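Following: one structure in structure tokens, then a few remarks.
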Amino acid sequence: MQQLRRMPADGSGKAAFCQPGGLMAVRATAMEGQVLEVAREDVARVGALAVDKDVTKAELTAALLYLCHSTLAAVDVAACRAERLEQED
């Protein structure tokens, strides 16, 4: 899976984000919503598999890997949103 963390060219080390009010900011917000929805679905999938007595180790491992990736993406969303909130203050 592609890693979602992007570092800006300014060397600040912070996750990249878009300036508020622009077209890219609107698109970024929509994409963030999608990232969070995928994470929510992955949590539900792992929860369902964890209580399924017929689940295989391979199925559960694959679901856990997807959950790890979507969790990291959700953390990036939270970091970017926090940066935007800091700028608004």
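Read-outs throughout are calculated quantities, based only on the coordinates presented, and are distinct from any laboratory measurement. Just so you know, these numbers come straight off a predicted model, no measurement behind them.
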message: If I ask for residues that are within 18 Å of Val75 (Cα to Cα) and of a type in the set (D, E, K, R), which ones from the range 34-64 would you list?
response: Glu37, Arg40, Glu41, Asp42
- prompt: Among the residues of the range 49-89, which ones are basic (Lys, Arg) and either within 21 Å of Gly33 (Cα to Cα) or under 20 Å from the mean Cα position of the chain (by Cα) (or both)?
  reply: Arg81, Arg84
